[in-house]
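To keep things clear, I will list the structure first and then write my remarks on it.
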Amino acid sequence: MKFRCEHRFTGITLAQYEKMYFDEAFNTELCKVLGLTRSVVSYDVTDTKVKRVVRVAPNREIPAPAAKILGAAKIEYTETIEYVFGSGKADWSTVSSVMTDKVDSRGTVRFAERDGAVVRSVDGDVTVKITLLGGTVEKFIVSDVERSYEKAAEFTRDWLSKHPPA
């Protein structure tokens, strides 16, 4: 199931947004707001690119019908994101802690300066290969992801008001 989220942030340049997006203090606070436990598995950064791998666990249980299908009350995942600074495009993928051979989630995040703002666009595709039930689980996951990106956008705007870029 494909999804797209797009959000606009004013008062920040593309270079400043890139720096903030990969900043650990920003991400730590963001995860608190989103109700996520997050641990960095690896973080490799050079002058030109970054590759970050994090393990993420939502601090909530999934609805009982989905839990029954997946065989777990919580879903954790490992997210890998690779970005070349200045490119405006990152590739991301996640690996679920349950049914790793049946759940595939990947996509791109794009950053672009447009009309005095930075626009973050997330395009993703979630595929769950469970006969008769995959579509239901996909809808649950995509809905949760979209809600999280809305909350993340609100948090980012608040963060920028309290931590104006230099």
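Throughout, read-outs are computed from the coordinates displayed, never taken from laboratory work. A quick note: this is a predicted structure, and the numbers were derived from the prediction, not measured. Neighbour counts run over all protein chains shown; Cβ positions are idealised from the backbone, glycine included.
When you restrict to C-alpha pairs under 8 Å that are six or more residues apart and normalise by the size of the chain, the relative contact order lands at 27 percent. Label sites at Arg114 and Glu6, each approximated as a point 7 angstrom past Cα along Cα to Cβ, lie 0.4 nm apart.
Counting only Cα atoms, the size of the chain along its three principal axes is 49, 28, 27 Å, in decreasing order. Under a 5 Å amide H cut-off, with hydrogens placed 1.01 Å from N, Lys89 pairs with Val84, Phe111 among residues at least 5 apart or on other chains.
As a calculated quantity, the FRET efficiency between Leu14 and Thr78 at R0 = 35 Å, using C-beta atoms, amounts to about 0.80. A compact globular protein would have a Cα radius of gyration near 2.2 N^0.38 Å; the ratio found for the stretch 110-166 is 1.56.
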